[in-house]
Amino acid sequence: MKLYTIGFTKKSARDFFEKLRQSGTGRVVDVRLNNVSQLSGFAKKDDLAYLLKAVCGIDYVHLPQLAPTQEILKAYRHGQIDWPQYEAKFLELIRARRVDLTIDRDLIAEGCLLCSEDSPEHCHRRLVAEFLKEKWGGVDITHLR
């Protein structure tokens, strides 16, 4: 199974959509908690779903069960926890949610996990991808930069 990840921050719309189109992914899997923020620009839920289909022929699905809770996100953004603590809390959360058993593999297969962070190093989309690879096996992860 091929699995891509991408963040939209620090990318122009042209760069973002070209990276997705060239990857060959068939679906963007939005793993953001808040996908309607005005700060998201072209990546707001309804606009993104339309543009993905119109520009690239790519489907869109939002899976908030792959997002952190507001509490975890707020604690990290406000410096109350560091990255290793965030990572531990997030992994505990997705284990408790049993996402490897409750998420349809067909939604993920050949898909691209989307979040806002420009790089995967400090983003939960990388954690989700690595968790699914560990649980499901046979997952080839490519981070679109």
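The numbers here are math on the coordinates, done by the rules we state, and not lab data. All figures in this text were calculated on a predicted structure; none of them were measured in a lab. In this analysis, Cβ positions are derived from the backbone assuming ideal geometry, glycine residues included, and neighbour counts consider all displayed protein chains.
At-a-glance table
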item: Computed FRET value (nearest 0.05) for residue 92 with residue 119, which takes r as the C-beta separation and R₀ as 22 Å; result: 0.40
item: Per residue, the convex hull volume that the Cα atoms of segment 2-143 enclose (Å³); result: 100
item: Ordering of 137-144, 44-51 by burial proxy (mean other Cβ atoms within 10 Å per residue, highest first); result: 44-51, 137-144
item: Relative contact order of the chain, defined on C-alpha pairs under 8 angstrom at six or more residues apart (%); result: 46
item: Cα-based reach from residue 53 at 29 Å (exclusive), listing lysines while leaving out same-chain residues under 8 positions away; result: 2, 10, 11, 19, 44, 45, 133
item: Helix-only CD estimate at 222 nm, as mean residue ellipticity for the chain, using -39500 (n - 2.57) per DSSP H run (n ≥ 4); result: -12000 deg cm²/dmol
item: Net lengthening on full extension, residue 81/residue 133 (0.36 nm per residue, minus Cα-Cα); result: 16.1 nm
